[in-house]
Amino acid sequence: MQRKGIPFRYVWIAEIQDGKRRADGKGRDCIHYHIVVWLPVGVRCPHFDRRGWWPYGMSRSDAPQKVGNAVGYLLHYLKKDKNLAAMPKGARAYGVGGLDHASRRARRWLGLPAFVQANSDISDQWRRAEGGGWISPSGRHYASEFRRVVLAGVEALQRVCTHTRAIAASGPFCWLSRGGVSHA
């Protein structure tokens with residue numbers, strides 16, 4: 001798609017196959033993926049396995065009319081009761097790809113903790129600190145505001161500190177006023 005200049009945006013979600021639909025129960029605890037690809041009207045995506053792009057099994061393509069609401073399709077799999085313990089060690093639960101630079105920056109910023117968002121703009125390069133917390137672009141360490149606790153056998157998050165939030169009036173999108181956007 002890239003060679004042809006066609007944008008290839010996608011979102012995928014991993015799911016542990018439970019085998020409930022099979023009489024023999026086979027397929028339990030196998031990981032499989034649901035992916036939605038957004039393509040321009042009139043462009044079809046080839047079958048991944050037939051092209052050798054996905055050598056791990058079969059793939060199936062459905063027309064947009066059959067899938068209907070692509071976001072709803074993915075949300076259905078996100079909200080299902082997940083057996084996360086069955087996920088292979090190091091496996092990711094979802095992924096996003098094919099975004100342009102600005103969209104990747106926005107997506108990254110939106111995934112940051114609230115106190116990091118409140119102390120940065122979309123172009124800042126925060127990074128995770130070894131052992132927990134975050135490192136600001138200036139090199140300052142910010143401990144995580146939460147820690148994991150177990151309450152009545154259920155994992156939860158407990159707030160252990162609150163960092164100041166220095167959002168300016170222009171907020172995280174102050175980069176809009178740095179040029180590139182004309183204000184009429």
Of all the accessible heavy-atom surface of segment 83-165, with the other protein chains kept in place and a 1.4 Å probe, what percent is carbon and sulfur?
-> 53
Pulled fully out, how much extra length does the chain show between Ala70 and Ala156, if you take 0.36 nm times their separation in residues and subtract their Cα-Cα distance?
-> 27.9 nm
What is the distance, in nm, between label points placed 7 Å from the Cα along the Cα-to-Cβ direction at Arg9 and at Asp24?
-> 4.2
Reach of Lys80 by Cα under 14 Å, taken over aspartates and glutamates that are not fewer than 8 positions away in the same chain = Glu15, Asp18
How would you order 152-163, 31-42 from highest to lowest mean count of nearby Cβ atoms within 10 Å?
-> 31-42, 152-163
Alpha carbons only, please: Rg and Dmax for segment 1-159, in angstrom.
-> 19.7, 58
Which value, in Å², gives the accessible area per residue of segment 77-125 when a 1.4 Å probe is used on the protein heavy atoms?
-> 64
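The values are calculated or read from the model by the stated rules, or taken from the named source; none is laboratory data. Everything numeric in this text was worked out from a predicted model, so none of it was measured. Glycine gets a Cβ as well: all are built from the backbone with ideal geometry, and neighbour counts include every protein chain shown. When the accessible area is computed, the model is the full protein with side chains, heavy atoms only, and any ligands, DNA or RNA have been set aside. Shrake-Rupley method; radii C 1.70, N 1.55, O 1.52, S 1.80 Å.
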